[in-house]
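As structure tokens, the structure follows; a few thoughts come after it.
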Amino acid sequence: SPDSVLHMLQRVLKRAGLPRIRFHDLRHTFATMMLTLGVDIYTTSKLLGHSNVSTTQIYSKIVDEKKVEAVNKVDNLFD
């Protein structure tokens, strides 16, 4: 059952000394990782089972912010 799987996940995390997470958190991580690795938004959307690509665009904004931060770090070298 979903409850027993969630309970097992929480036990494994506790034994490993990791914080509690939900399965939905794993979906967020997966989406962000796919986009960071260069997988296109349409494919990522389909892998997540989103019926509308606009739902997946939330994750691309996070990736875009990280790209801006990276470029700004290089720019700061010349200050």
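A few notes on this one:
- Solvent-accessible area of ASP79 with every protein chain in place, 1.4 Å probe, in Å² to the nearest 10: 150 Å²
- Shape of the chain, Cα gyration tensor, a/c cut at 1.5: oblate
- Estimated from the Cβ-Cβ distance and a Förster radius of 35 angstrom, the FRET efficiency linking VAL74 and HIS28 is about 0.80.
- The charge dipole of the chain, taken about its Cα centre with unit charges on the Cβ atoms of Lys, Arg (+1), Asp and Glu (-1) only, comes to about 500 debye.
- Computed lengthening from LEU37 to VAL53, 0.36 nm per intervening residue step minus Cα-Cα distance: 4.0 nm
- The chain: most fluctuating residue of LEU35, LEU18, LEU47 per GNM, C-alpha cutoff 10 Å: LEU18
- Helix-derived mean residue ellipticity, 222 nm - over the chain, DSSP H n ≥ 4, -39500 (n - 2.57), to 500: -25000 deg cm²/dmol
- The residues of the range 3-62 have, on average, 74 Å² of accessible surface per residue, using a 1.4 Å probe with all protein chains present.
- Annotated for the chain: lysine pairs at least 8 residues apart or interchain, Cα distance under 24 Å, count 4.
- Of the listed residues SER45, SER51, the order by accessible area with a 1.4 Å probe, largest first, is SER51, SER45.
The values are calculated or read from the model by the stated rules, or taken from the named source; none is laboratory data. What you see is a predicted model, and the numbers here were worked out from it, not measured in a lab. When we count neighbours, we look across all protein chains shown, and the Cβ atoms used for this are built from the backbone with ideal geometry, even at glycine. Heads up: the accessible areas ignore ligands, DNA and RNA and are worked out on the full protein's heavy atoms, side chains in. Shrake-Rupley method; radii C 1.70, N 1.55, O 1.52, S 1.80 Å.
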